Amino acid sequence: MIRRTTDLGPAARDAYDALIDVRSPSEFVGDHLPGAINLPVLDDAQRAEVGTEYVQGSKFLARRRGAALVARSIAAHLEGALGDRDGSFRPLVYCWRGGQRSGAMVTVMDQVGWPVTVLEGGYQTWRRQVTAALYDTPAPLRVVLLDGPTGSGKTEVLARLQARGLQTLDLETLARHRGSLFGGLPGGQPAQKLFESRLYDALCRLDPSRPVVVEAESSRIGERVVPPSLWAAMQAARVIELSAPVEARARYTAGAYAEISADAPALDDALTRRPRPPAKAAVGARREPARRGAFEPLAAALIAAHSDPAYARAGTGRQVPLARVSTGALGPDDLDAAADRVSTLLGQA
């Protein structure tokens, strides 16, 4: 029997053996349920072909052609991606709005004997839940911001806090961007909707009764925008500020972004995109040494000319920190000590 559901809470989704998105690959890339796999019943070209025939030609021929293509695709998935699944396999299947594409897949799966569930309303049901949580409802979170100037070790301390069992929300990993001038990661950023889906999933898994530590970011992380509900919670959050000497921060930044200094086109692109260039001569003089591997002087120049002034300007509206924690020379022991101090502060909060 085919089951139907609109329950997309983390526990419900995790109970399925697979979340199967039968939409076309381009639809899947734009956004999908976290953890879903793409087994399209029509690929992008086939979907365009059938749609054109339906609108401009014969609806009967379009349906017949579509049925043949869908049948072949489902057969290929049964013999390929699903070929090793036994009779206990419990999938959740969805398409755009719970219509013909998911209906075709679940009908065959039901005939196979799998206890299959279809998402009522399809992907649009998921998207409505994401939008309501991130745009229409205040985030029920006790946010603590981990703030500090560039190179003060925020990302490293956040990871150490997670390893110590504290609740954290890693926006940079979700957005696939390190939130700085040299922040781009290989493969680029997810689409905005996919970023929001991943963020919503992470938020759903948090305990609202416990504090959650979030690295301080601007309202944009690369090209991705922090949705308003979370942004409002971050703006109202308590703050713990990390600090370290400029020399240590430049050394740390040079190590963290070593791949940029080794990629001359990427380095030039990042410097070209620098939003405020008050010390072009100082930065420009260090560009050539940076291309040869001497990235630390350039990092120091950028911190002095761009990052620290921007941090100071943002500080005019920043809350008085709950505490200031030194990350020292930013070595592993310094970062461990800072994480221990932050853990203690959160335990007292």
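So that you can scan it fast, the table gives a plain yes or no per residue for (1) surrounded by 20 or more Cβ atoms within 10 Å (Cβ to Cβ); (2) in contact with a strand residue (DSSP E or B) (Cβ under 9 Å, 6 or more places away or on another chain); (3) aromatic (Phe, Trp, Tyr); (4) in contact (Cβ under 8 Å) with a residue 24 or more places away in the chain:
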{"site": "Pro34", "(1), (2), (3), (4)": "no, yes, no, yes"}
{"site": "Asn38", "(1), (2), (3), (4)": "no, yes, no, no"}
{"site": "Asp44", "(1), (2), (3), (4)": "no, no, no, no"}
{"site": "Arg47", "(1), (2), (3), (4)": "yes, no, no, no"}
{"site": "Tyr54", "(1), (2), (3), (4)": "no, no, yes, no"}
{"site": "Gly57", "(1), (2), (3), (4)": "no, no, no, no"}
{"site": "Arg63", "(1), (2), (3), (4)": "no, no, no, no"}
{"site": "Gly66", "(1), (2), (3), (4)": "yes, no, no, yes"}
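The residues listed here are Val29, Val70; of these, the one that is more than 16 Å from Gln124 (Cβ to Cβ) and in contact with a Lys or Arg (Cβ under 9 Å, 6 or more places away or on another chain) is Val70. Scanning for something surrounded by 20 or more Cβ atoms within 10 Å (Cβ to Cβ), within 17 Å of Ser197 (Cα to Cα), touching a strand residue (DSSP E or B) at 6+ places or on another chain (Cβ under 7 Å) and of a type in the set (Gly, Ala, Ser), does segment 110-126 turn up at least one residue? Among the residues of segment 110-126, at least one is surrounded by 20 or more Cβ atoms within 10 Å (Cβ to Cβ), within 17 Å of Ser197 (Cα to Cα), touching a strand residue (DSSP E or B) at 6+ places or on another chain (Cβ under 7 Å) and of a type in the set (Gly, Ala, Ser), which makes the answer yes. Among residues of segment 120-137 that are under 25 Å from Pro25 (Cβ atoms) and not assigned by TED's automatic domain parsing to the domain that holds Trp231, those with a beta-carbon under 6 Å from a residue that is of a type in the set (S, T, N, Q) and exposed (fewer than 15 other Cβ atoms within 10 Å of the Cβ) at least six positions away or on a different chain give the pairs Glu120/Thr6; Thr125/Thr6. Within segment 70-81, residues that are on the phi > 0 side of the Ramachandran plot have Cβ atoms under 6 Å from residues that are in a helix (DSSP H, G or I) and among the acidic types (Asp, Glu) in no pair, counting only partners at least 6 apart in sequence or on another chain.
Considering segment 147-181, the residues that are among the hydroxyl-bearing types (Ser, Thr, Tyr) and under 22 Å from Asp207 (Cα atoms) include one that is surrounded by the most Cβ atoms within 10 Å (Cβ to Cβ), namely Thr168. Looking only at residues in segment 7-32 that are surrounded by 15 or more Cβ atoms within 10 Å (Cβ to Cβ) and of a type in the set (A, V, I, L, M, F, W, C), the one that is nearest to Ala75 (Cα to Cα) is Val22.
The values are calculated or read from the model by the stated rules, or taken from the named source; none is laboratory data. Just so you know, these numbers come straight off a predicted model, no measurement behind them. Ideal geometry is used to build each Cβ from the backbone, glycine not excepted, and the neighbour counts take in all protein chains shown.
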